[in-house]
Amino acid sequence: MSILKSLKTLTLSLLVGTSLISGYAVAQQAPAKPKVLIFDVNETLLDLTSMRTSIGKALGGREDLLPLWFSTMLHHSLVDTVSGSYHDFGQIGVASLLMVAQNNNIDITSEQAKTAIITPLLTLPPHSDVKEGLAKLKAQGYKLVSLTNSSNKGVKAQFESAGLMSYFDARYSIEDIKIYKPDLRAYEWVLKKLNVAPNEAMMIAAHGWDVAGAKEAGLQTTFIARPGKALYPLAKKPDHVVKDLHELAALLK
C-alpha cells in the first residue's frame, strides 16, 4: 500500500513539474512588448476605396478593377527590385493602370492615367479607426513610425492630407534605398535607422506580403484584417491578427 501511495505521489509530482516547466517555457517564448511600432501606409492606415471613382472613370466605369490595378502595381514594384531597377510608386502606378486598361481592351492615355492616380492617391482618407487608435498607442508610450513603398514626398503629402503628421515620430520611405518591401533589406534598413533589434520592433500592415517579409526579417508582426485582405497561407503566421487599431491598442496595453 505504501509503495502504491509513493508511486501516486511521484506521478503527481512529475505532472505538476512538467506543467510548471511547460508554463515557464511558454512564458519565456512570449515576445516582449515592442519598443517601436512600424506602420505600413496604403490600405493599412489610408482607405484606398475612395479611388474607385477616379480609377473607374479612367477605365470606362470598371470600378471593379481597382484591386487588380493595386496588385499589378505591387507586382511590378518587385520586378524593379529583383531586376535592379527603380521607378517611384507613382510612376509604377500609372504604368500599371495602362497595363490593366490594355488587358481589358480599354483605351486610355498616360495623362488620363496620371489624373486618375496621382492626386487621388495623395489625398486618401484614413480608415475610421486610425486616428483614435494611433492616439491610444501614442498615449501608451509607443514610438510610432511608418515604412512605405511610396516616395518621401508622396507619404508626406498623404499624411498632411489625412491629418496624421502629429501621430508619428518619423516617416521612412524605401525611396532612400530604392528597394521595395517585402524585400528583407527594406526591413533591415529601417531597423538600422531606428537602432533597434528585430524583435524590438513590430511591423503592422493590412497586407499578407508585408507581414510575411517582416516576419522573415525577425520583426514581431501584426496583420490588420481590413475587408478584402488575407494572409499568405504559405508564410509564417504573424504574431497577432486584429480587425483594427482599437483592437491593437487593447492588445498592446
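The values are calculated or read from the model by the stated rules, or taken from the named source; none is laboratory data. Only a predicted model underlies this, so the values are computations on that prediction, with no experimental measurement involved. Neighbour counts are summed over all protein chains in view; Cβ atoms, including those assigned to glycine, are modelled from backbone coordinates with ideal geometry.
Here is a check on your reading of the model: is residue 150 in contact (Cβ under 8 Å) with a residue 60 or more places away in the chain, under 23 Å from residue 122 (Cα atoms) and of a type outside the set (Lys, Arg)? If you could, list the steps in order and put the result at the bottom.
On the way: in contact (Cβ under 8 Å) with a residue 60 or more places away in the chain: yes; under 23 Å from residue 122 (Cα atoms): yes; of a type outside the set (Lys, Arg): yes.
For residue 150, the condition - in contact (Cβ under 8 Å) with a residue 60 or more places away in the chain, under 23 Å from residue 122 (Cα atoms) and of a type outside the set (Lys, Arg) - is met.
Take residue 79 and tell me if it is over 29 Å from residue 37 (Cβ atoms) and of a type in the set (Val, Ile, Thr). Working first, answer last.
On the way: over 29 Å from residue 37 (Cβ atoms): yes; of a type in the set (Val, Ile, Thr): yes.
In short, yes.
Consider residue 86 against the criteria (1) among the hydroxyl-bearing types (Ser, Thr, Tyr); (2) closer than 23 Å to residue 157 by Cβ; (3) in a helix (DSSP H, G or I): it satisfies all of them except one. Which criterion is unmet?
For residue 86, the failing item is (3).
Could you check the range 204-236 and list, in sequence order, the residues that are in contact with a Lys or Arg (Cβ under 9 Å, 6 or more places away or on another chain) and loosely packed, with under 14 Cβ neighbours inside 10 Å?
236 - this is the single residue of the range 204-236 that is in contact with a Lys or Arg (Cβ under 9 Å, 6 or more places away or on another chain) and loosely packed, with under 14 Cβ neighbours inside 10 Å.
Of all residues in the range 54-81 being over 14 Å from residue 174 (Cβ atoms) and touching a residue at least 60 places away in the same chain (Cβ under 8 Å), which is nearest to the chain's Cα centre (by Cα)?
So, considering only residues that are over 14 Å from residue 174 (Cβ atoms) and touching a residue at least 60 places away in the same chain (Cβ under 8 Å), the one nearest to the chain's Cα centre (by Cα) is 67.
Please tell me if residue 116 is more than 28 Å from residue 80 (Cα to Cα), touching a residue at least 12 places away in the same chain (Cβ under 8 Å) and of a type in the set (Gly, Ala, Ser).
On the way: more than 28 Å from residue 80 (Cα to Cα): no; touching a residue at least 12 places away in the same chain (Cβ under 8 Å): yes; of a type in the set (Gly, Ala, Ser): yes.
No: the conditions fail for residue 116.
Of the residues 132, 200, only one is touching a Lys or Arg at 6+ places or on another chain (Cβ under 7 Å), touching a residue at least 60 places away in the same chain (Cβ under 8 Å) and over 16 Å from residue 43 (Cβ atoms); which?
On the way: 132 fails: touching a Lys or Arg at 6+ places or on another chain (Cβ under 7 Å).
Answer to the check: 200.
What are the residues in the range 58-83 that are outside any helix (DSSP H, G or I), surrounded by fewer than 20 Cβ atoms within 10 Å (Cβ to Cβ) and in contact with a helix residue (DSSP H, G or I) (Cβ under 9 Å, 6 or more places away or on another chain), if any? So that I can check it myself, show each step before the final result.
First, the residues of the range 58-83 that are outside any helix (DSSP H, G or I): 59-62.
Keeping just the survivors that are surrounded by fewer than 20 Cβ atoms within 10 Å (Cβ to Cβ) gives 60-62.
60, 62 - these are the residues of the range 58-83 that are outside any helix (DSSP H, G or I), surrounded by fewer than 20 Cβ atoms within 10 Å (Cβ to Cβ) and in contact with a helix residue (DSSP H, G or I) (Cβ under 9 Å, 6 or more places away or on another chain).
So is residue 44 at pLDDT 90 or above, part of a helix (DSSP H, G or I) and surrounded by 10 or more Cβ atoms within 10 Å (Cβ to Cβ) or not? Show your work before the answer.
Details: at pLDDT 90 or above: yes; part of a helix (DSSP H, G or I): no; surrounded by 10 or more Cβ atoms within 10 Å (Cβ to Cβ): yes.
No; evaluated as a whole, the condition is false for this residue.
Among the numbered conditions (1) within 14 Å of the chain's Cα centre (by Cα); (2) part of a loop (DSSP other than H, G, I, E, B), tell me where residue 253 comes up short.
Single failed check for residue 253: (1).
Mind checking whether some residue in the range 182-190 is buried (at least 18 other Cβ atoms within 10 Å of the Cβ) and of a type in the set (D, E, K, R)?
Yes, the conditions are met somewhere in the range 182-190.
From the list 120, 34, exactly one residue is of a type outside the set (Phe, Trp, Tyr), at pLDDT 95 or above and buried (at least 16 other Cβ atoms within 10 Å of the Cβ). Which is it?
It is 34.
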